[in-house]
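Heads up: the structure comes next, in structure tokens.
Please treat every number below as a calculation from the coordinates, not as lab data. Everything numeric in this text was worked out from a predicted model, so none of it was measured. For neighbour counting, all protein chains shown are included, and Cβ atoms are generated from backbone atoms with ideal geometry for every residue, glycine included.
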Amino acid sequence: MIASVVFVIGSYLIGAIPFSYLAGRLLKGIDLREHGSGNLGASNTFRILGVTPGVVVLLLDIAKGFLPVYTAGRAASSAGLPVHWLTLACAVAAVLGHMFSIYLKFSGGKGIATAGGAFLAIQPYALLGSFVVWVVLFSTRRIMSLATLSAAATLPLFVYLSGRLNLWPTHWSYTAVSAVLVVVIFYRHRSNIGRLLAGTEPALARKKRT
């Protein structure tokens, strides 16, 4: 029990590391919360700091979801304990850490990359399905938030199908928790949803061929 609590707290503290904030401070001496969309995530890092910092922040945000959950799952399996409850608790803790970072007075990002990293450890085939949805929508519509929210919305379905098709070890709680995380992520994207409904959400311009 004590070890489980340590894993969950550790997952929150790792998830709370604000890599985009640190990148802004280290590279340009700015607070990304005061620039662009004001969001502490990879998308705003791309927008303000450029491609390379954006990619690095994206990978680090994914890693801080993946590593705690993967490590907790391996530890629980080695100890003969139920893997699903500990991994899910660590996944939720890491995502909440990203959204409400203790290092930034409980401000943070919207949780997409960290949640993706967590489910990469829990249900990789389900995450692959959602990623395909993201690629299709982003390549055709060029609206980041639309692609991201659509991919997130399909995650519980793909988690369920992954279990039904015996693609990966599963438990009903994976589907339930993924659905709860989707609700939280949609809430954090409520301003984007408002702009999508109003038709004012900006699309990423396509590069012109020369």
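Give, in nm to one decimal, the length gained when the segment between residue 75 and residue 161 is fully stretched (0.36 nm per residue of separation minus the Cα-Cα distance).
Stretched fully, the residue 75-residue 161 segment lengthens by 28.3 nm.
Can you compute the FRET efficiency between residue 103 and residue 125 using 1/(1 + (r/R0)^6), with r the Cβ-Cβ distance and R0 = 41 Å? Round to the nearest 0.05.
0.75
Could you work out the relative contact order of the chain, using alpha carbon pairs under 8 angstrom and six or more residues apart, expressed as a whole percent?
Taking the mean separation of contacting Cα pairs over the length of the chain, I get 19 percent.
What full-extension length gain, to one decimal in nm, is calculated for residue 203 and residue 28 as 0.36 nm per residue of separation minus the Cα-Cα distance?
Contour length minus Cα-Cα distance gives 60.4 nm.
Sticking with the crude label model, points 7 Å out along Cα→Cβ, report the distance from residue 195 to residue 180 in nm, one decimal please.
About 3.0 nm separates the two model spin labels.
Helix-derived [θ] at 222 nm for the chain: sum -39500 (n - 2.57) over DSSP H runs of at least 4, divide by residue count, nearest 500?
-24000 deg cm²/dmol
Looking at the square roots a ≥ b ≥ c of the eigenvalues of the Cα gyration tensor of the chain, which shape do they give, rounded for a/c under 1.5, prolate if a/b is larger than b/c, or oblate?
In terms of gyration-tensor shape, oblate.
Once you have a ≥ b ≥ c as the square roots of the Cα gyration tensor eigenvalues for the stretch 98-160, tell me rounded if a/c is under 1.5, and otherwise prolate or oblate according to whether a/b is larger than b/c.
oblate
If we count other beta carbons within 10 Å of each Cβ, what is the order of 98, 84, 189, fewest first?
Placing the least packed residue first, the sequence is 84, 189, 98.
Can you tally the net charge around residue 199? Count Lys and Arg as +1, Asp and Glu as -1, for every other residue whose Cβ sits under 15 Å from the Cβ of residue 199.
+2
What aspartates and glutamates could a cross-link reach from residue 105, if we take a straight Cα to Cα line under 19 Å and drop same-chain neighbours fewer than 8 places away?
Within the straight-line limit of under 19 Å, residue 105 reaches these aspartates and glutamates: 31, 34, 61.
What trypsin sites (Lys or Arg not before Pro) does the stretch 76-167 have in DSSP loop regions with at most 12 other beta carbons within 10 Å?
105
Roughly how many debye, to the nearest 20, is the charge dipole of the chain about its Cα centre, given +1 on each Lys and Arg Cβ, -1 on each Asp and Glu Cβ, and no other charges?
My answer is approximately 720 debye.
Checking the a/c ratio against 1.5 first, then a/b against b/c, what shape does the Cα gyration tensor give for the stretch 123-210?
Oblate is the answer for the stretch 123-210, as a/c is 1.5 or above yet b/c matches or exceeds a/b.
In whole angstrom, and with the biggest value first, how far do the Cα coordinates of the stretch 47-153 range along each principal axis?
46, 34, 23
Return one number: the angle in degrees, 0 to 90 and rounded to the nearest 10, between the long axis of the Cα atoms of helix 83-99 and the longest principal axis of the Cα atoms of the chain.
30
Is any residue of the stretch 94-110 close enough, with backbone N under 20 Å, to a label point placed 7 angstrom from the Cα of residue 6 along the Cα-Cβ axis, and if so, which?
94
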